1. Can you tell me the convex hull volume per residue for the protein assembly as shown, based on C-alpha atoms, in Å³ to the nearest whole number?
2. Can you show me the helix-derived [θ] at 222 nm for chain A, built from DSSP H runs with n ≥ 4 at -39,500 (n - 2.57) apiece and divided by the number of residues, rounded to the nearest 500.
3. Averaged over B:139-147, how many beta carbons belonging to a partner chain fall within 10 Å of each residue's beta carbon?
4. So how much accessible area does B:T224 have, in Å² to the nearest 10, using a 1.4 Å probe?
5. Skipping prolines and chain starts, which residues have an amide H placed within reach, meaning under 5 Å, of the one on A:V222, given they are 5 or more residues away or on another chain?
6. Going by accessible area, probe 1.4 Å, with all protein chains left in place, what is the ranking of A:K9, A:K32, A:K243, B:K291, largest first?
7. Quick one: what are the phi-derived ³J(HN,Hα) couplings along region A:272-289, Karplus 6.51/-1.76/1.60 with θ = phi - 60°, whole Hz, x for glycine and proline?
8. Dividing the convex hull volume of the alpha carbon atoms of region A:166-297 by its residue count, what do you get in Å³ per residue?
There are 2 protein chains.
Amino acid sequence: MQKKRITLKDIARETGVHVSTVSRALDPVERKTITEEVAKKIQAAAESLGYRPNRIAAGLRTNRTMTVGVMIPDITNVIFPPILRGIESVLEPLGYASIIVNTDSERDREIRLLDVLRDRGVDGIIHAAVLRSDPSIASAAQDGLPVVTLNRKVEDSDIPYVINDEDAGICQMLRHLRELGHTRIAHIAGPQDLSTGQLRLAAFRRAAEDLDTEVDENLIVVATRFDEQEGARCLIELLASGKTFTAVLCANDRLALGAIEVLRERGIDCPRQVSVTGFNDMPFLDLIRPKLTTVRIQQHGAGRAAAEILLRLLNGETADDVDIETILPVELVIRESTAPCP
Amino acid sequence: MQKKRITLKDIARETGVHVSTVSRALDPVERKTITEEVAKKIQAAAESLGYRPNRIAAGLRTNRTMTVGVMIPDITNVIFPPILRGIESVLEPLGYASIIVNTDSERDREIRLLDVLRDRGVDGIIHAAVLRSDPSIASAAQDGLPVVTLNRKVEDSDIPYVINDEDAGICQMLRHLRELGHTRIAHIAGPQDLSTGQLRLAAFRRAAEDLDTEVDENLIVVATRFDEQEGARCLIELLASGKTFTAVLCANDRLALGAIEVLRERGIDCPRQVSVTGFNDMPFLDLIRPKLTTVRIQQHGAGRAAAEILLRLLNGETADDVDIETILPVELVIRESTAPCP
DNA sequence: GTAAATCATGCAATCGATTGCACATTTTCG
DNA sequence: CGAAAATGTGCAATCGATTGCATGATTTAC
C-alpha cells in the first residue's frame, strides 16, 4: 500500500553507477572522493526522484540514529515543556529528533522506558528525572551510552549534569525576607524523595545558618507532593501548630499558591500579614493575585545546556573532556506576595 | 566503547541452534512452530544473557519501527501536554514510542519535520496542527502512511480526525449568557488562519442565529494570537468603539484572561458589570480570580481517541473501516466570571 | 617511456532480525 | 509396513545504507 520509497539502488540504476558511488556522492564527507561531475549528476537524480535517506538502514550500519531520548517525569508539569523546547532548539537544527517519555517518577516505568529508548538505538539520553537515585541510568551510562542528567546529580558517577543554582535561589530569597524584617520564617518543603525537595530543604537550612537566622524545626513542614493541595495542607498544619510566623518560604510555586489560598480563606492578608514565596516562576504566575514573589529558574536554558553537553558527548568527547557540572544562575523575582514584616 | 549488545547470534551460539530458530522462539506468534522444550531453553538463554531485540534491525526488515510521530504546534502551549499523555496512555503500553516535534505553526517547519519523522520510519503520525490547510500531511497520507489529525479536519481527504465539539461548546456558552439576560454580547475571536479561531467564530455566528440573537459585527474583534496580550488589546478596542456590551465571549481562555485584566484596570467589575467567558479550561484556571467560566474540552481524551484510531490504522484497517470523524463532547464549566445582566 | 603514485569507482561484506523455502525427521493412516 | 502428511529446524535472501579493499584508469615522476 505504502508508496515505494526511493532508495540508493534506484538512483544507481537511474544514473548508471554503483550504489556505493551514489552513497558517497550524497555524503558531504565522502563526496570529495568522487568526480565533481558524477557527483552533480547523482545529486540531481536524487533530487528529482525525491530521494530521502532511510535512517533505519543507515542506523543499523552505523549505529547512529540521529535520535535522542528524553526522559522526564511528566510533560504536563509546566516546567518541562520549556526544557524540551530548549533541548530541541539545539538538537533539531542538527537533524536530531527526540523520543520523549514520561516516567511519572516511577522506578519501574523508568527502567522499562529506558529500554524502550535503547531498543530504538537512541544516540544518547537526556534524563530529567527527579528520583534521588536510580541505578539503571547509571548503568546505561556505564555501558557507554551518552547521558546527561538535568536537575539532578547522579552520585558516584561521571555523568555530566545541569542544575539550577537552587542554593543561591533559596539563599537570595531568604535574604530578601530577612531584609523585609522577617525572622519567624516557615518553610514548606517538597517531597524528600525527590531531589529538588531535598535539595531545597538542605539549602534552606544552610542559608539560614549563613544568615544567622535560627531555624525552628516546628516551622518546617514537608509536603508529599509538589501541588496546591499539599501547599494548603502544610499551611494549615503550620497554623494549627500555634507557632507564629510572618513569612513562608515554599519549595515551589504550587505549594505557595496552595498556601496563599488557605490564607485567603482564613482572612489572613498576604502579603500584609504573612509573606509567601515560591520557586520556579512557572508560567501564568503574573495572572494570579497576589502576584507571587519567586525564584526564576532557567528552563529553556537548562534544556539547551543539557543538549549542548550531550552533543559534545555524541561527537566523541568523553566525560573527561566536558564539564561534569553545569550550574545555571537563578534570578529573584520580587512581586507582590512579600511585604515588610508587620 | 559501547558495551556490546546481545544479538540473536549470541543466543544461537549459546544454545546451539540457528538464529532463525532463536528468532522464532522469541516471537510469540512463531513460537508455536518450535518444540516447546527448545523454545524454553532459548528463552531462558535470552533472559540470562539480557537479550534485547534490536528494533532498528527488525524495523529495516519489517518496516515497522513501533514508533509513531506526533506533530504539535508548541509543547509549551498548555493544552498539548495532556493530549500527549492521552496518546501515550494508549500507545505506550503496546510498546510504541513517540517522536514529538513542534511545528510552531510554520509551514516550512512542518514540511521539514514531517520528513524528519518519515526518515525515521515512523509507523504512523498524529498531527495536531492548527493551520487550516497543508498539503504535505495529506500527501503523506496519500502515500499510505497512517495519519490521524487532531483538532482539525483536512478538507477533501479521508484522513480520520478527532475534534472537540466546539460548535456545541460555543452554543452552550451563548445560551448560558442569554439565560443570564445578556443580549449585547461581544466576541473576541481567535486568529482566523488557525482552524480553532475560524471554527469558533463561525460557531458563534451560527449559535447566535439559532438563539435568535442579533450579531452586531462591531462587537466582533479578531485577535492575531491566542494570548492575554491580544485579549487585552481586543477588549480595549471594544471599549473604544463606544458600542455597549454586557458580556464578552472569548475564543479561548487566554484571550478572556487578558480581557478581564483590562476590565480590572479600568475599574469595570467582572462579572457584575461585564461577564467574560473563555474556552478550553486550561490548568490553573481555578487559581485566577474571578474564576473563569469556560468550556472544558477533552484534551487527554482527544489524545486517547486519536491514538486509538491510529492504532486501528496501524493494524491494517483502512480509512474506510474506521470512522473518519470523531467528535468529543465538551462541557460547560460555570464559575465566577459570568453573572446576570446588570 | 615505464614504474610508481594517485584517483575514481566497483565489489562485497556488514549491521541484526525476519521469513519463504527446503530438507530431514517423525507421525499418521490406509 | 510403506507412503503421505505433519512437524521442527536450518539455509539463505532480504531490508537499505555504509565502508574497507580491490581494481582499473589516469596522472606524475624520473
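The values are calculated or read from the model by the stated rules, or taken from the named source; none is laboratory data. Predicted model only: the values in this text are computed from it and were never measured. No Cβ is skipped: glycine too gets one built from the backbone with ideal geometry, and neighbour counts run over all protein chains shown. Note: areas computed on protein heavy atoms with side chains; ligands, DNA, RNA excluded. Shrake-Rupley method; radii C 1.70, N 1.55, O 1.52, S 1.80 Å.
1. 194 Å³
2. After summing the helix terms and dividing by the residues of chain A, the value is -13000 deg cm²/dmol.
3. Average neighbour count from other chains, rounded to a whole number: 2.
4. 90 Å²
5. Correct list: A:A189.
6. A:K32, A:K9, A:K243, B:K291
7. Listing the rounded values in order: 4, 8, 9, 8, 9, 10, x, 7, 2, 6, 6, x, 6, 5, 7, 9, 9, 9 Hz.
8. Normalising the Cα hull of region A:166-297 by residue number yields 93 Å³.
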